[in-house]
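Please treat every number below as a calculation from the coordinates, not as lab data. Every value quoted in this text rests on a predicted model; they were computed, and no experiment measured them. Note that we place each Cβ from the backbone using ideal geometry, even for glycine, and neighbour counts take in every protein chain shown.
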Amino acid sequence: GQSLEQPSEVTAVEGAIVQINCTYQTSGFYGLSWYQQHDGGAPTFLSYNGLDGLEETGRFSSFLSRSDSYGYLLLQELQMKDSASYFCAVRDKREYGNKLVFGAGTILRVKS
Amino acid sequence: DTGVSQDPRHKITKRGQNVTFRCDPISEHNRLYWYRQTLGQGPEFLTYFQNEAQLEKSRLLSDRFSAERPKGSFSTLEIQRTEQGDSAMYLCASRPSGSSYNEQFFGPGTRLTVL
């Protein structure tokens, strides 16, 4: 089977840095993605790691360690608009067509 | 590029009724996915199309669920004899072909409530 673990909730203040961890157990692994979802909104893509290391996109960075089955999303200079749910998702190499398996999500609350 | 659209946005139905949802993917995206999301959970894969071919269905998908993509453009998801446990947000996503594309573009979803 496949399972992903991430914290259920994280709270941080505006301007701070927050890290959301994700550990996974899958029978096949091709890459780790991160999606953001605001209340009532659609999930939107943030980043993808296919190889070990850090990917940086503006205020957001994502890291992957395949040997540890672990990744994280780093959000810097937090803004109120970053309050949302964040999902890690595994792309399973064995499956057809890039099906994504999502974690249960981490609710990020940014306080002023 | 108008994004992925879904219709209706909300559907309330009584248990036992049939419902059908529509998804219009981004044009030229030949891959289309249906997911289901319940409160406090991540999206759960239901089925996947490449063009008009349905290439994968989740083992969790009961035979009351059927999906089509007859011309390789829009897709429909039908749920027959709805049950209260079917209440969820139904999300559609699309992306172009090619392994280099890692982003799936999600629509706003159809929220189904079964009374």
* **For residues of A:34-46, the mean tally of beta carbons on other chains within 10 Å** => 4
* In cubic angstrom, how much convex hull volume per residue do the alpha carbon atoms of the protein assembly as shown span? -> 123 Å³
* Asked: How much length, in nm to one decimal, is gained on full extension between B:His10 and B:Thr38, taken as 0.36 nm per residue of separation minus their Cα-Cα distance?
  -> 8.6 nm
* Structure fact -> Taking N as the number of residues in chain B, the ratio of its alpha carbon radius of gyration to 2.2 N^0.38 Å works out to 1.01
* Would you please give the FRET efficiency between A:Glu56 and B:Gln80, computed as 1/(1 + (r/R0)^6) with r the Cβ-Cβ distance and R0 = 35 Å, to the nearest 0.05? => 0.15
* To do: Before anything else, pin down the relative contact order of chain A: Cα pairs under 8 Å, at least 6 apart, normalised by residue count, whole percent.
  => 36 percent
* Would you mind getting me the FRET efficiency between B:Arg111 and A:Met80? Use the beta-carbon distance for r and R0 = 30 Å, nearest 0.05. => 0.70
* To do: Quick one: of B:Lys11/B:Lys71; A:Lys111/B:Lys57; B:Lys14/B:Lys57; A:Lys99/B:Lys11, which pairs are farther than 32 Å apart, Cα to Cα?
  => A:Lys111/B:Lys57
* Net charge near A:Ala104, counting Lys/Arg +1 and Asp/Glu -1 over other residues with Cβ under 15 Å of its Cβ? -> -2
* Asked: Out of B:Ser73, B:Val114, B:Pro43, whose Cα points farthest toward the positive end of the dipole of the protein assembly as shown (charges: +1 Lys, Arg; -1 Asp, Glu; placed on Cβ)?
  -> B:Val114
* Share, in percent, of DSSP beta bridges within chain B that are antiparallel, nearest 5 -> 90 percent
* Structure fact -> Output ordering of B:24-31, B:55-62 (per-residue mean of other Cβ within 10 Å, highest first) is B:24-31, B:55-62
* To do: Write down the Å³ per residue value for the convex hull defined by the alpha carbon atoms of chain A.
  => 95 Å³
